[in-house]
Amino acid sequence: MMAVNFEHFSYAYPNSGVVLDDITLDIPVGSFTVITGPSGAGKTSLALAITGVVPHYFGGRQGGAVQIGGITSAQSSMGELAEQVGTVLADYESQLVALTVAEEVAFGLETSGFNRSQIAERVSQALMLVGLAGLEEREVAGLSGGQKQRLAIAAVLVTAPDILVLDEPASALDPEGAAGIYELLHTLNCQGKTVVVVEHQLARVLPYASQVVVLQAGSLQFAGDLRQTLAFMWQQPELRLGVPPMWAIKLTLEEQTGLSLGDWKTEEQAATELNKLTRTCAEGVAKSA
Amino acid sequence: MPKLAPLTKLILTAAVSVWALLIPTLTGQMALAAGQLLLLAFYRPTGKHWQAVSGLALFAALLAAIQYVFGSGLEFSLMSGLKMFVMSLVFVFMLATTRLQDLTAALVSQCRIPYEYAFMFTSALRFVPDFLEESQAVREAQACRGYVFRGNPLKRLMDYVAIVEPLVLRAVSRSETMAMSLELRGFGRKGRRQFTADVALSSPDYVAMIFMLVLTIGLAIV
Ligand SMILES: Nc1ncnc2c1ncn2[C@@H]1O[C@H](COP(=O)(O)OP(=O)(O)OP(=O)(O)O)[C@@H](O)[C@H]1O
Ligand SMILES: [Mg+2]
């Protein structure tokens, strides 16, 4: 089952050249898909194509098609698509429009036909999910960057979309804040949401990514699981710098020694494997001596 | 003190202005001012609001003094100072005791102001703190690049362009994002809007409104 399906999709903004060129890509239901690539590669544009902002909000020219949960984006409105796709834009601060936390989350429900107590219940559920329970009456302007990011997520979660699309959700956060956001996304992913994130710092998503998509200059360079994609990026001189340091070590080791190491998703995993390796080395040295 | 609905306070604001125009005597105006201060005190406003009140009082006194200096009679000067105090005091009362979002809800659901306008109002306020923060950031960034805000007023004004330009560009990109996100969140969707703020009228509101009506009629007759 595919949550999103790009079929020979191409796109140009009204006054730009082609920014997405013949993209064919499947995003399975329940996957944690990461879109990566150099600056200006078209990552944001690809993410916006899932939400319908491209092409509905910007206009421009499009070729091919995007299917979201079985409906074709070009033939439905942004509002219809929003029922399936929750979007957190790169500039999430400007996405927040209400004065207080509770109102921000309630905003998307005001025209949904729920009554006041139903809205209040859903709002507190969504805030609980993102770890902002109890801050209902706080002013949005007074929140920290990480809290605002969580609030933006709560505000889209409240309408219960199946797919979440987030553009660089941790760009403005410190390492702990970033880790916190990705753990939250992982939890939501485990609860069945399909998660699509744009992220150029792959180290942040190593433990969670089930599919990594590499874009470069508007073309899809590669799509595969973590191991496949990082191995591919390692072979490409222009993409090599995007490989997280931990995997750079692993891939170099593999190249130099011919060993085959596991998928290093966490530092602990890497450390354990390296320890085992050095131990067998030491034993080998002791035996030969 | 009974909690009054925002609509009642909006009506009170209008009513007080009418009373201020109808009451012909100094003592009457003073009674009106005292009544409002008493009412305000009942709602336990913060120090900030008392500051606003004293600011208004000062301004009103100044107004009266200027009129007197320029040759108006004493009573006339005092009267216009007081009128201005009374009329503006009621706004302090309304803003001090009502949340802005409740006011919006009342304006839309009871006064039938289109939601888009009311929304524009609250969201503008939402961005004031961000805007101030940004202007500070831009100023610091420009200072880092060696921009010095000194010299004669004209030069300083010109220097401000260096701040305003990035701010405007940022505001434009912000409004773009906001428009996008509003569309994504079904802002334009038709259908009745269920506000989370409870602005329904209850018995104290009706009592207050009857009282206001009687007082207005009474003042108009005598
Ligand atoms: N609104 C727009 N109008 C015209 N061209 C645009 C618009 N937005 C983006 N572009 C162009 O489309 C191309 C891809 O931009 P996009 O924002 O998708 O890249 P990105 O991979 O997200 O980059 P970054 O990592 O910097 O966020 C760029 O060349 C950019 O100049
Ligand atoms: Mg981008």
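Test A:Leu81 against the stated conditions and say whether it is part of a helix (DSSP H, G or I) and out of contact with any Gly (no Cβ under 9 Å at 6 or more places or on another chain).
Spelling it out, it is not the case that A:Leu81 is part of a helix (DSSP H, G or I) and out of contact with any Gly (no Cβ under 9 Å at 6 or more places or on another chain).
Among the residues of the stretch B:25-64, what is the count of those that are outside any helix (DSSP H, G or I) and either within 28 Å of B:Val222 (Cα to Cα) or free of Cβ contacts under 8 Å to residues at least 12 places away in the same chain (or both)?
2
Of everything in the stretch B:142-159 that's part of a helix (DSSP H, G or I) and exposed (fewer than 13 other Cβ atoms within 10 Å of the Cβ), which residue is farthest from the chain's Cα centre (by Cα)?
B:Cys144
Quick check on my filter: what residues within the stretch A:45-77 are assigned to a helix (DSSP H, G or I) and away from ligand 2 (no atom under 16 Å from the Cβ)?
Selection gives A:Pro55, A:His56, A:Ser73, A:Ala74, A:Gln75.
For the stretch A:21-44, check the following and say yes or no: at least one residue is within 14 Å of chain B (Cβ to nearest Cβ), surrounded by 15 or more Cβ atoms within 10 Å (Cβ to Cβ) and within 16 Å of ligand 2 (Cβ to nearest atom).
There is at least one residue in the stretch A:21-44 that is within 14 Å of chain B (Cβ to nearest Cβ), surrounded by 15 or more Cβ atoms within 10 Å (Cβ to Cβ) and within 16 Å of ligand 2 (Cβ to nearest atom).
This table checks each residue for (1) more than 16 Å from ligand 1 (Cβ to nearest atom); (2) surrounded by 15 or more Cβ atoms within 10 Å (Cβ to Cβ); (3) within 14 Å of chain B (Cβ to nearest Cβ).
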| site | (1), (2), (3) |
| --- | --- |
| A:Glu199 | no, yes, no |
| A:Leu241 | no, no, no |
| A:Leu251 | yes, yes, no |
| A:Arg279 | yes, no, no |
| A:Val285 | yes, no, no |
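Go over the candidates B:Leu82, B:Leu107 one by one and state the one that is more than 19 Å from B:Ala5 (Cβ to Cβ) and either hydrophobic (A, V, I, L, M, F, W, C) or at pLDDT below 85 (or both).
Exactly one residue qualifies, and that residue is B:Leu82.
(1) in contact with a Phe, Trp or Tyr (Cβ under 8 Å, 6 or more places away or on another chain); (2) more than 19 Å from A:Gly224 (Cα to Cα); (3) more than 10 Å from ligand 1 (Cβ to nearest atom): which one isn't true of A:Thr51, the others all being true?
Of the numbered conditions (1) in contact with a Phe, Trp or Tyr (Cβ under 8 Å, 6 or more places away or on another chain); (2) more than 19 Å from A:Gly224 (Cα to Cα); (3) more than 10 Å from ligand 1 (Cβ to nearest atom), the odd one out for A:Thr51 is (1).
When both residues are 6+ apart or on different chains and their Cβ atoms are under 9 Å apart, which pairs have a first residue that lies in the stretch A:2-18 and is without any contact (Cβ under 8 Å) to a residue 24 or more places away in the chain, and a second that is small (Gly, Ala, Ser) and within 16 Å of ligand 2 (Cβ to nearest atom)?
As it stands, the answer is A:Gly17/A:Gly218, since those pairs meet every condition given.
Exactly one condition in (1) in contact (Cβ under 8 Å) with a residue 24 or more places away in the chain; (2) open to solvent by 40 Å² or more (accessible area, probe 1.4 Å); (3) of a type outside the set (Phe, Trp, Tyr); (4) in contact with a Lys or Arg (Cβ under 9 Å, 6 or more places away or on another chain) is false for A:Glu273; which is it?
(1)
Can you tell me how many residues within the stretch A:12-35 are more than 9 Å from ligand 1 (Cβ to nearest atom) and among the hydroxyl-bearing types (Ser, Thr, Tyr)?
The number of residues fulfilling the criteria is 3.
State the number of residues belonging to the stretch B:124-165 that are of a type in the set (S, T, N, Q) and over 26 Å from A:Asp91 (Cβ atoms).
1
Has the stretch B:118-129 got at least one residue that is more than 14 Å from the chain's Cα centre (by Cα), at the interface with chain A (Cβ under 10 Å from one of its Cβ atoms), more than 27 Å from B:Val53 (Cα to Cα) and open to solvent by less than 60 Å² (accessible area, probe 1.4 Å)?
Looking for residues that are more than 14 Å from the chain's Cα centre (by Cα), at the interface with chain A (Cβ under 10 Å from one of its Cβ atoms), more than 27 Å from B:Val53 (Cα to Cα) and open to solvent by less than 60 Å² (accessible area, probe 1.4 Å), one finds at least one in the stretch B:118-129, hence yes.
When you look at A:Ala209, is it surrounded by 21 or more Cβ atoms within 10 Å (Cβ to Cβ) and either assigned to a helix (DSSP H, G or I) or more than 16 Å from ligand 1 (Cβ to nearest atom) (or both), yes or no?
Yes: the conditions hold for A:Ala209.
Being among the basic types (Lys, Arg), over 30 Å from B:Ala137 (Cβ atoms), facing chain A (nearest Cβ under 10 Å) and surrounded by 13 or more Cβ atoms within 10 Å (Cβ to Cβ), is that true of even one residue in the stretch B:174-192?
Within the stretch B:174-192, one or more residues are among the basic types (Lys, Arg), over 30 Å from B:Ala137 (Cβ atoms), facing chain A (nearest Cβ under 10 Å) and surrounded by 13 or more Cβ atoms within 10 Å (Cβ to Cβ).
Restricting to the stretch A:101-122, and then to whatever is touching a residue at least 40 places away in the same chain (Cβ under 8 Å) and part of a helix (DSSP H, G or I), can you tell me which residue is nearest to the other protein chains (Cβ to nearest Cβ)?
Filtering the stretch A:101-122 for residues that are touching a residue at least 40 places away in the same chain (Cβ under 8 Å) and part of a helix (DSSP H, G or I), the one nearest to the other protein chains (Cβ to nearest Cβ) comes out as A:Ala106.
Would you point out the residue of the stretch B:73-117, among those that are β-branched (Val, Ile, Thr), within 14 Å of chain A (Cβ to nearest Cβ) and in a helix (DSSP H, G or I), that is nearest to B:Val128 (Cα to Cα)?
Across the stretch B:73-117, the extreme among qualifying residues is B:Thr104.
Would it be correct to say that A:Gly70 is surrounded by fewer than 21 Cβ atoms within 10 Å (Cβ to Cβ), at positive phi, facing chain B (nearest Cβ under 9 Å) and modelled with pLDDT under 90?
no
Restricting to the stretch A:139-172, what's the tally of residues that are open to solvent by 20 Å² or more (accessible area, probe 1.4 Å) and assigned to a loop (DSSP other than H, G, I, E, B)?
7
For a quick check of your reading of the model, give me the residue pairs whose first member lies in the stretch B:69-96 and is in contact (Cβ under 8 Å) with a residue 40 or more places away in the chain and of a type in the set (Lys, Arg), whose second is part of a helix (DSSP H, G or I) and crowded, with 16+ Cβ neighbours inside 10 Å, with beta-carbon atoms closer than 8 Å and at least 6 apart or on different chains.
B:Lys83/B:Ala20; B:Lys83/B:Gln29
Please state which of the following conditions A:Lys148 fails to meet, knowing it meets all the rest: (1) in contact with a Phe, Trp or Tyr (Cβ under 7 Å, 6 or more places away or on another chain); (2) away from ligand 1 (no atom under 16 Å from the Cβ); (3) more than 18 Å from A:Leu96 (Cα to Cα).
Result: A:Lys148 passes all but (3).
Would you confirm whether any residue within the stretch A:223-231 is of a type in the set (A, V, I, L, M, F, W, C), open to solvent by 30 Å² or more (accessible area, probe 1.4 Å), free of Cβ contacts under 8 Å to residues at least 60 places away in the same chain and under 23 Å from A:Val165 (Cβ atoms)?
No, the conditions are met nowhere in the stretch A:223-231.
The values are calculated or read from the model by the stated rules, or taken from the named source; none is laboratory data. All values derive from a computational prediction rather than experimental measurement. Virtual Cβ from ideal backbone geometry, glycine too; neighbours counted across all protein chains shown. In case anyone asks, the SASA skips ligands and DNA or RNA and just uses the protein heavy atoms, side chains included. Shrake-Rupley method; radii C 1.70, N 1.55, O 1.52, S 1.80 Å.
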